[in-house]
Every structure is written in C-alpha cells, then in structure tokens.
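Let me begin by presenting the structure, written as structure tokens, before commenting on it.
Readers should treat all values here as calculations from the given coordinates under stated rules, not as data from a laboratory. It should be emphasised that the depicted structure is a prediction, and the values quoted were computed from it without experimental measurement. Reconstructed Cβ throughout: ideal geometry from the backbone, glycine too, with neighbour counts over all protein chains shown.
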Amino acid sequence: MELRKDTIDGVYLERLSKSKVLIVIFSLIFAFLLVRIAYIQIHLGEKYLRLSKENRFSREMLRPERGLIYDRMGRIIAQNRPSYSLYITPAHIPREKDLFTQLAHLKTPESKPFFPRKLLTRSLRTHTLTLPVEEQTPHRLYEYLTAMKDEDGSPLFPRTILDSLFSVTHPTEYSMRKAFSQNSFTRIRERLLTIADSHGSPLFDTTYLDERLAHARRSPRTQTMIAEDISLEYVSILEEHSTLLPGISIEIESRREYPYGKKLFHVLGYLSEINQEELTRFSDYEYHRGDQIGKSGIEAYYDTLLMGEKGWAFVERNSRGTRLGIVEGMPYIAPTPGNNIYLTIDAELQRIIAEQFDDTLQGAVVAMDPRNGEVLAMYSNPSFDANTFSLAEKIVGQEWRQAQHNPRRPLINKAIASNYSPGSTFKLITALAGLEAGVVSPGGYMDKSCDGGMRFGNRYYRCWYRQGHGRLSLEDALKTSCNVYFYQLGLLLGDEQINHFAGPLSLGDRTGIDLPGESRGYLSGSIAHNLRHANRGPGWRWTRGLLLNMAIGQSQDLTPLQMALIPASLSGQDSLYAPHLLKEIRSPENAFITATPPTPISPLPFDSSTIESIKEGMWRTVHVPGGTGWRSRVSGIPVGGKTGTAQNPHGENHAVYVAAAPLDEPAIVVSVLLAHAGGGGVNAAPVAQKVFDYFFTETPQGESIRTDYDDWDGKEWAQ
C-alpha cells in the first residue's frame, strides 16, 4: 500500500515539531542548571566555604580563672590548679564512608588517583577494595598512606589501622579491608579499655566508661568527659595512643584546690557543676550549663565576685577533635578573671583549733574581734575535705554519699546552722537584765542562800553543786555558776525583761553573717513557748516554773556564733558589730578595691557599773580559786569567761564556754561548744585557752596588746 506524499509530509512535520519542543524543553532545563550552578558558585560559595570551615572552627566559650581566696595574713586558702580531662566527641569518630571519601582524594606522587573511580565506587558498597598488584603495589601504597599527615602534622592513617587494613590475598592482588565499621564507636571503647599505666593497671573503669560513653552517644556533636583530673603519666600514655583514638581529646581545665583541706571546709564551702534548678533560679546571672559554681560557704555567698566574666573565641580542632588553639584574626573576647578576696579568718588559728578535735568529737568554735565584728576563726567538727570535689566524679560521688549519710553530719556548719542550749553561759544575759532593770545591784545578794537547790511550786530545782554554794554576791554567783541564785533572779525579772535585753543582741535571730544557711536560734518565753507547742495540748502551756530553766539557759537554742555575741555585747563598747568574714576585695592583679567596714547591729547603752560588775564575775570565773573557767587562763593576760553545761535529753550533756580577753578592752571573744562532752569548765575552757595563747603570742595584733600588760601582776583585771 502506498502512502500519499501529502500524508508523508504531514507525519514528517509533526515529528519535526515534537523534536523542536523537546529541544526547547531540554534547553530550558540546561539553562536552569547553568543558572543554578552559577548561583551556587557566586552567591552561596562563601556560605559553603564558611560551613566547611566550621567543621574545623567553632565558636567556644572561654571560662575565666576563678578568683583566689586569702586569709587575713595573706595566706592562700583557695586557689586553682591545672587539670587534664579526657573528652570524646562521637561525631569526630570516622566511619567507613568517611575513610573511603578520604581515599578518593588520594593522589600518587605523579598526581594520579590512587584508586580507579569504578573500584572505589564499588568498594563503598562492598567495604572491600581489591586492586591488581601491577596497578599499585601494596608496599608502595602502604608507605604512601603511612607518610600522609593531617593539618596538625599527625598521621592521617595510624600505622596500627593500616596494619589491619591490608593483607595479601593472592599473588597477583591484595585486599583492603574495611577499617571502620558501624561498630567504630565500640572499637574506640575497646582500645581505651586495653590501655594500661606503667604498673599494668587499666586506665579506665569499665562501668564508669560505659556510663559516660552512653551519655556521649546521646549528644554525638558535644564533647563528653570520660575521664577527669588524670595524671601527667596518663596524659603521656594517651598521647602515645592518640592516633588510635580518633574523636578523643585531652583538655586542660582549672580545678579548685584548698591547701587547708578539712580545716576550712565550712567557711570556704565547695564548688560543683550547676544544675538545672540553679540555672533557672539564677537566670539573671551569666551562668551556663557546665559551669562550676559555689554550693556552700564563701564560695557560694561571693560566687559572683569570684567567678569572673566569660569570653568567646573561635577555636580550631583537628580531624580527631583535638583542640589546636584559638584562631587568630577572628572575633575574640578575652575572659576576665574573678576578683580575689581576703577573709578575716586566720588560717593558722583555724589549724590550731582543728587540732583540738579528734575524729569522734563533735562541736564548733568561733573567735571574733568584738571591736569590728571580724570573725578570726570558725571551725565545725566533723568536717569534710573540699579537695574531694577536685577528684574524679566517681570518687566524689562515693565520698559525698558517705558524708550525707554520716549521722554526725560533717557537711553541716555547726557554728551557724546547729542550735544548742547555751547552758549557764546565758547567766551573763540574766545578770545583765537584772542589773539594767534594777532588780539587783552590783555585789547584790538574793534572799535565799544556795543549799543545793530550791523548791518552787511542787517541784524541787537543784543546783549543779549539791552541797550548796551558800550566800553569794552576783559576781561570785557568776564565778561559781550557782543555779539557785539565778533561779531567783529569773523569777524577779520575768521572761519579757530577760528577752528585752537578749533579743537586740541577735540571740534568737540571724546575725546576718556572710554565709548561707544560718539558723535563727530560739529564745524562750511565754509567747514563743506557746507558739512552739500550740499543737501539743494544754499540758505544754507556759508556766512561771519555766522561768527557772530560762534564767540558767536551759530552754533557749543558740548557735555557737550567737553564743560568741554574749561576751562581745559585754565588752563595754557603744555598739555590737555584725560578725562578718569578708575583709577586702581585690582585683585579679591583687590591687585593693574595697574593704568591709564595721557594721553596728545593736546599740549597747548599758550602764558602766553593769559592765564592770559582770566583767568582775567573768574575771573571778577564770582567775580566782573556785572559779569554773580557770583552765582558760593565759599567762600575762586578764581573761574573763563563763562556763556552761547544756542539758541534752538525748545523751551526755554538751560542754559550753564563752570568754573575752583582755577583759578591760576585749580584742577577741571566743565561744566553744563540744557536743556530748560533759562540763564546759573541764573540756571547753582548755580549747579557748589554745585560742588565746595563739592570739597573744603568734599574731602581730595580739603581741602588741600583750606588751600593755608587761607590768600586770595578775591580781586585778582592771588597769
């Protein structure tokens, strides 16, 4: 069958038309691709170059050095030390695809590809690369790969990996096995566990390492610490194995160190990593996850002074994630170190006090200058070594858990956070109230002599001295600590009169010392007592009989710091000054910035005859035969004190002692509380003696005062 010519022409034209359409379509597609390529090269080239650099450069926070802490004599009591920690960044551990990508760019010395493209492409699927010997000999390839270096001069392919990478499988060919499988992370773990120190001991604990690696897997692009505060020996060993450990880096950090250890734990406190609750609570401050912040003590109270200001920099890291340094020429903000602070504490005095305690004795000692409120010593026992927090996390956890569950509560600063009955030391306040209220005069007597006790209502209240003290003046009642005298004085005064003089002295209220965790204490009285026991029934209501216990200090709860304010308030000054620990703030270069001025917290408008009468009683307590505080005597210095034995319903009584010296113009007051230690005169007074002896013989201030008493004969306290 023949087709007509016009039919053939029509088919031809139709096909030609379709071809033109296809040409136009393909031309448009090609043009679009050209435009897209040009756009990427011209407009996005800088972006992709930046992204490429960001694989090596990262903007990182630079943490500042924390400020140093000194004692009043310029001794360093909190400092920083360098510490080496080991980190893993899972994203920097190469996978098999990463390895073959690097191999694809390998060139021979003649600038030819080492591997034919087809073989390399196939190897990405099979994970095995097989090459004819005549194309590239194994020896030549091995030597070439061994010589390759990365940007910081480290081997690009560790020799140990290459040894496991190549094997001759046939006289005419060799195989290149997969170097990094999907279990490359596991291989890193296995290599870490095989590393040992010079004694053959493993560097890593399996359980702890697995915990840290599990955490690292959840944040593959974030550095995760897997070993902290490692020794220089470990650093050297790990650097020797660095080519086997891609993704592992060693970082130098700063850790806090406390030269006086346990002796200053409750004053200085400790540092630990900030938690989520603290990040939320302190959102107004420049805290970040991973920051070490003060958790207690001075470290917590003055954290913002000590912490400094963070900086920022672009940091370069190599292919293994190791930090190479700060990139020059890029934006950089240097961190500012924290301020240094000087405390009022005398670290050597603190050491001497700590030596008076053994591991079983609980208690606290406070020494203070009443003329300005400077706390010279504050010790609480048992204690805890804050240097533990600079050790490995596993050790910290073990030590911390043991301390938390220790029934003797070593983490509590008993000097400010634990309440004890002041016992007979409170008789100084009862005497003060009696004299100021005109209920008793200096040298005055009570109606009833002490015959070992007195009856009030249907109860017989005993004196500690069962044979009886006889008829006593106020001063001798203080000297012998006669209960019967002060029972009567308390009944004459009433609870409101006693608390009228005790309350303004911060007894039963916080002193405002610059430490977190201070207790208010408790002052007894009709109102306070009824509120405290409101839910215990009518049998617990206040009665006048409770005045007897109140007058001799058996119904109050005070901290040892508050007890130190009792002799401080009787020093004869115009004001009682707030106790404080911060003496000076200095710059990181140690240039003076400011000092803490004395801050009055209460006027002391007491009659001079009142103060003289009470000081006489304190003098007799220490220096006159029969006085209960004679064990606190210091040669050549007039000391005044008051002993106390605080009743403890849960065991042996607590020993209490407060004192001041020199008595005419006190430069130091001391309170000693020894839990479950019996009588204050026997056990607490000797501790005070050690404090006075050091102060007046070993400190420039004390030695200067001592010279004023060169002619003192020891028979009278007033000059």
Under the Karplus curve 6.51 cos²θ - 1.76 cosθ + 1.60, θ = phi - 60°, whole-Hz ³J(HN,Hα) for the range 597-614, x wherever Gly or Pro sits: x, x, 10, x, 10, 6, x, 10, x, 8, 5, 4, 5, 5, 5, 4, 5, 5
Distance from the Cα centre of the range 76-91 to that of the range 312-372, in angstrom? 14
For the range 573-594, list residues with backbone N below 11 Å from a point placed 7 Å from the Cα of T336 toward its Cβ? 588
Measure off 7 Å from each Cα along the Cα-to-Cβ vector at E436 and A595, then give the distance between these two points in nanometres to one decimal. 3.0
Provide the gained length on full extension for the span I326 to F30, in nm with one decimal, where the gain is 0.36 nm per separating residue minus the Cα-Cα distance. 102.1 nm
Chain lengthening between W312 and D708 when straightened (0.36 nm per residue, less Cα-Cα): 136.8 nm
Virtual spin-label span in nm between N535 and R191, 7 Å along Cα→Cβ: 6.3
Excluding N413 itself, calculate the net charge of residues whose Cβ lies under 14 Å from the Cβ of N413, where each Lys or Arg counts +1 and each Asp or Glu counts -1. +4
Can you order the peptides 370-376, 497-503 by their average number of other Cβ atoms within 10 Å per residue, highest first? 370-376, 497-503
Residue by residue through the range 499-506, the couplings from Karplus 6.51 cos²θ - 1.76 cosθ + 1.60 with θ = phi - 60°, in Hz, x for Gly and Pro, are 6, 4, 9, 7, x, x, 8, 6
What is the extension gain from R401 to E652, computed as 0.36 nm multiplied by their sequence separation minus the C-alpha to C-alpha distance, in nm to one decimal? 87.6 nm
Residue pairs, from the table K295/K642; K414/K583; K448/K690; K262/K690; K263/K295; K690/K715, whose Cα atoms sit over 29 Å apart: K295/K642; K448/K690
Separation between the D284 and D574 pseudo-spin-labels, each 7 Å from Cα along Cα→Cβ, expressed in nm? 3.5
